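Just so you know, all these numbers are worked out from the coordinates, no wet-lab data involved. Keep in mind that this is a model prediction, so the values were computed, not measured. Glycine also receives a Cβ, built like all others from the backbone with ideal geometry; neighbour counts cover every protein chain displayed.
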Amino acid sequence: EDGHQLWLRPHQAAPVTVVMASKNSALLAMAKQELERGWQGAAGATVTLTLKKDNAIKHDGFRLGPTSVRATTEAGLLYGVFELLRRQQTGQPVADKVFNPSYEYRLLNHWDNPDGSVERGYAGHSIFWRKDSSFVVTAKDKALWQEYARANASVGLNGAVINNVNASPRILSADYLGRTKAIADVLRPYGVKTYLAVKFSSPVLLGGLKTADPLDPAVRKWWQAKAKEIYQQIPDFGGFLVKASSEGQPGPQDYGRTHADGANMLAEAVRPYGGLVMWRAFVYSPNDKDRAKQAYNEFVPLDGKFRDNVIVQVKNGPVDFQPREPFSPLFGAMKKTSVMPEFQITQEYLGHAIDLVFLSTMWEECLRSDTYQAGPGSTVARCTDGSVYPQKHTAMAGVANVGLDTNWTGQDFGQANWYAFGRLAWNNQLSSAQIADEWLKQTFAGAADQRATTAAASDWNTNFLVPITQLMLASREAAVNYSMPLGLHHIMSATHDHYGPGPWWAPPKMRADWTPPYYHQASANGVGFDRTTGGSNAVSQYHEPLAAQFNNPATCPDEYLLWFHHLPWDFKMKSGRTLWDELALHYDQGVHQVRQFQQVWDKAQPYVDAERFVAVQNKLRAQSGNAVLWKDACLLYFQQFSHLPIPATVEPPMHTLEGIIANDMVRPLPRP
Ligand code: BDP
């Protein structure tokens, strides 16, 4: 039980006959094989897989019956088979019903570098690229890619961008394209398309041109030729993902051109082949007074100016994948452009592969946020899935947490985030409770080790499923509590790759918008970033009634209070407590929640195999220490400004601020 099987652990399958009322193909062979591998229905049943026109079924969707799957595409049949098996394994009924995906493109973004390292990856090296830059594709590589593709297909993911958005121009060279082709060939039978992230200056760095100006004819020709070269090898290549004019990356703005100019040039290059361009809106420069406003300011004026095979890819929040942010005001504001949400599955700001944080609730919170952009009910989900605006394309992307670690994601519960992302991309209305329930049943049911008694197995639901589901559902709020409660954001340590607290971190000459004090603004007067009409006026980027609601501290939800307001330490909260006391209580609560998770997990021991039990127990122990460090460091740091006592009900600090800083105590657990 090393976790390698993910949620696809082998099952004692019942015999089944699969009848395919259509021609055979690699994809259909996979569907058949999956049924034979995992069938839990009546022994000896006959299951039919039929490809036929059905107006109720959208691309990739399917109609499910107890022993039948009908779809209009082969991929739809495969997804239908996985849904049927999932229902059998998790005890959900299989009634006649149509299932359609919320989004047309459901993608993982791998931040994998050509040298095999993974930016913000905490689960080992890349599964795609090798350290020694070797382009030899081994049988082991292929086997791993196949397992990876199968896992994606099982939750409906149909695309993978296999390299970092901070892209190397080398990725478009013949050697890398050769390996990309090999990867695409393995992913294809599972319906997973391959995409590449490209560097905007590739025509200069790789092609030897003098410019990468998107309006220069030679540059346009270079990209067209490159697209042709790629599609000759990979006819179903998905397209390009681009981070441009962002965090030092080259882009159209280097030539006085707009994001639309840049995106459209690439869109034209891939258009003849049906390719897509996903153009990221993660842009900010140090000159602006409020980083949170910039993406909106740059992109809203370009609404309607993008070619229809461009999708603007927007991070869930306006700053950067923080433990909690309000939704990005770009959602719903771009009404004539395809816009897709980008979530971060890898836990850069949420405890790496150490802390147990189930991110589904965070994504659900974003997807269900009402933007009001087209009246009440214009949720982020509906503004991006085509329900509100006639988007040409719909998509959702997640920054992958996958690496070469045996269990894929470093922390066993990190697998739940991969799973949840896929399920939400398929159905953006699913609840996190259902996703957790499904994942636990598939990942842990029947996994009690040899010592477990039969009695233990029958109590599995009450003693494992219920408490561990609750733990998962509470875990993100716990992380917010012990790290950045009440709307605080971006106060993590920079010294150790964003693990642990660092509200004090501000080396001289460092770009202000990369330092925590820029975001928390703590002083004797109070704490928080003033984004009200009297401050940076970021509130005005939200549609009413949100702008007015966020603008007033009396109506602004506590969750976003210090995101939008700079308030005195003795500010009276809705609870009646002062801001200072409330802040302290949140930190303290976060610590207690993690300790409680430890107890809950310890009690689950009889129901989990020994290997995964110990692995998670160790991680929770480290997380507990991390939570205490966050609490002590932040309260002691902010106390220098508030000059107020830590409330008596709060556990007194066990560290000193000086000790934490001087001894460099904020540090992730060394990798095993
Ligand atoms: C930030 C990460 C950085 C990424 C960037 C991005 O720290 O590594 O390159 O996001 O999304 O959060 O481009």
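For a protection proxy built on the mean count of beta-carbon atoms within 10 angstrom, sort 84-97, 175-188 highest first, please.
Final packing ranking: 175-188, 84-97.
Based on the mean of other beta carbon atoms within 10 Å per residue, what is the order of 410-421, 428-439, most packed first?
Packing order, densest peptide first, comes out as 410-421, 428-439.
What relative contact order, as a whole-number percentage, does the range 16-99 give when Cα pairs under 8 Å and 6 or more residues apart are counted?
30 percent
Antiparallel versus total DSSP beta bridges in the range 48-112: what percent is that, nearest 5?
Of the beta bridges lying entirely in the range 48-112, close to 60 percent run antiparallel.
Where a ≥ b ≥ c are the square roots of the eigenvalues of the C-alpha gyration tensor, would you call the chain rounded, which needs a/c under 1.5, or, failing that, prolate if a/b is larger than b/c, or oblate?
Oblate, since a/c reaches 1.5 and b/c is not below a/b.
Using the Cα gyration tensor of the range 198-270, with a ≥ b ≥ c the square roots of its eigenvalues, what is the shape: rounded (a/c below 1.5), prolate (a/b larger than b/c) or oblate (neither)?
It comes out prolate by the Cα gyration axes.
May I ask for the distance between the Cα centers of the range 474-548 and the range 98-120, given as a whole number of Å?
28 Å
Where does the charge balance sit around residue 17 when Lys and Arg score +1, Asp and Glu -1, over other residues with C-beta under 12 Å from its C-beta?
Surrounding charge for residue 17 is 0.
Shape verdict for the range 105-444, please, from the Cα gyration tensor: rounded (a/c under 1.5), prolate (a/b greater than b/c) or oblate.
In terms of gyration-tensor shape, oblate.
Of the listed peptides 5-15, 376-386, what is their order by residue-averaged count of other C-beta atoms within 10 Å, with the highest listed first?
Put in order of decreasing packing, that is 376-386, 5-15.
Among 129, 223, which comes first, then next, by fewest other beta-carbon atoms within 10 Å?
Ranking 129, 223 by Cβ neighbours within 10 Å, fewest first, gives 223, 129.
Give me the net charge for the shell around residue 34: Cβ to Cβ below 15 angstrom, other residues only, Lys and Arg +1, Asp and Glu -1.
It works out to a net charge of +2.
So for the chain, averaging the separation of alpha carbon pairs under 8 Å that are six or more residues apart and normalising by length, what relative contact order in percent results?
Computed value for the chain: 12 percent relative contact order.
Of the beta bridges DSSP finds with both residues in the chain, what % are antiparallel, to the nearest 5?
Percentage antiparallel, nearest 5: 25.
May I ask for the net charge around residue 266, where only other residues with Cβ less than 11 Å from the Cβ of residue 266 are counted and Lys, Arg are +1 while Asp, Glu are -1?
Here the count lands on +2.
Could you tell me the distance between the Cα centroids of the range 174-210 and the range 318-332, to the nearest Å?
So the two Cα centres are separated by 30 Å.
Gap in Å between the Cα centre of the range 596-667 and the Cα centre of the range 261-289?
42 Å
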